[in-house]
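**Q** The structure's right below; bear with me while I get my questions together.
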Amino acid sequence: MPGVRIETADRVMVLTLDRASKKNAITDEMYGEIAGALTRAADDDEVRVVVLAGDGPDFCAGNDISMFTDSAGSQEIATSNVGPFLTALSTFPKPIVAIVTGRAIGVGVTMLLHCDLVYVASDAQLVLPFVNLGLVPEAGSAWLLPQRIGHVRAFALMALGERLSGGAAASLGLANAALPAADLVPAAMEAARALANKSPSALSATKRLMRDAGAIETAIAADREALLIQLAKPEAAAAFAAFATRKNTSA
């Protein structure tokens, strides 16, 4: 069953979302796989850098929509692997490098705010559709994104659901570089290998000093609480029903 492909070489662990037929939408099982891999990598001296990538043309189409349709109006998502995933990602002590191609939707964007280097294809499309689905942003992004790009830009992306190109993402400071697709993986892997050859303790200490761990933890908890409230509201149920109808009609 498609999930997450894990490969390690030259002290770099590459976690590839391996569900290309579904645009790498993340299932609960996949969240658990990523959380477990990050937890192991944090304690493995042979892993100094983690790279996040997606198989096929798209990086990540967000959460598998069934996670929300099955949980709408309930608290079931509170016991999912999303929490462990966000904890492992946001507290990971080593550098994380992201390679973003094609579509990055929802968590496919918000997870980037917890990465240390981000390389994005120039023609990539980043979208935050939470409000359109009757939801709120997750992963602490409601606090992290305005910190990065300012309130008005962040609000437009989150409330209006504006699409952001790879080039615009780099211009706003959400990515280190926007590159042609053919140059993307070589550039990101070169950076990952360069990090892997540096002092591990100095890198971890630098990352720790650059991040407000307490504020990030608080932001993630606030997003989670608000999300659970929204899932119980009729607006979310209506939005998911409309989404399912559009999906079935276009299939």
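**Q** Of all residues in region 170-193, which are part of a helix (DSSP H, G or I), of a type in the set (Gly, Ala, Ser) and surrounded by 13 or more Cβ atoms within 10 Å (Cβ to Cβ)?
**A** 170, 171, 181, 187, 188, 191, 192
**Q** Examine region 32-40 for a residue that is in a strand (DSSP E or B), hydrophobic (A, V, I, L, M, F, W, C) and at pLDDT 95 or above, and state whether such a residue exists.
**A** Looking only at region 32-40, we keep the residues that are in a strand (DSSP E or B), and these are none.
Taking every residue of region 32-40 in turn, none turns out to be in a strand (DSSP E or B), hydrophobic (A, V, I, L, M, F, W, C) and at pLDDT 95 or above.
**Q** If you take the residues in region 70-91 that are modelled with pLDDT under 75 and surrounded by 16 or more Cβ atoms within 10 Å (Cβ to Cβ), which one is nearest to residue 15 (Cα to Cα)?
**A** Applying the filter and picking the extreme gives 77.
**Q** Separate question: What number of residues within region 198-217 are over 23 Å from the mean Cα position of the chain (by Cα) and of a type in the set (Asp, Glu)?
**A** Result for region 198-217: 0.
**Q** Within region 153-166, does at least one residue satisfy the condition of being outside any helix (DSSP H, G or I) and over 27 Å from residue 31 (Cβ atoms)? Spell out the reasoning first.
**A** We begin by selecting, within region 153-166, every residue outside any helix (DSSP H, G or I); these are 160-165.
Then drop every residue that is not over 27 Å from residue 31 (Cβ atoms), which leaves 160, 165.
Looking for residues that are outside any helix (DSSP H, G or I) and over 27 Å from residue 31 (Cβ atoms), one finds at least one in region 153-166, hence yes.
**Q** Could you please let me know if residue 242 is farther than 19 Å from residue 112 by Cβ, exposed (fewer than 14 other Cβ atoms within 10 Å of the Cβ) and in contact (Cβ under 8 Å) with a residue 60 or more places away in the chain?
**A** no
The values are calculated or read from the model by the stated rules, or taken from the named source; none is laboratory data. Everything numeric here is computed off the predicted structure, so don't read it as measured data. So basically every Cβ, Gly included, is an ideal-geometry build from the backbone, and we count neighbours across all protein chains shown.
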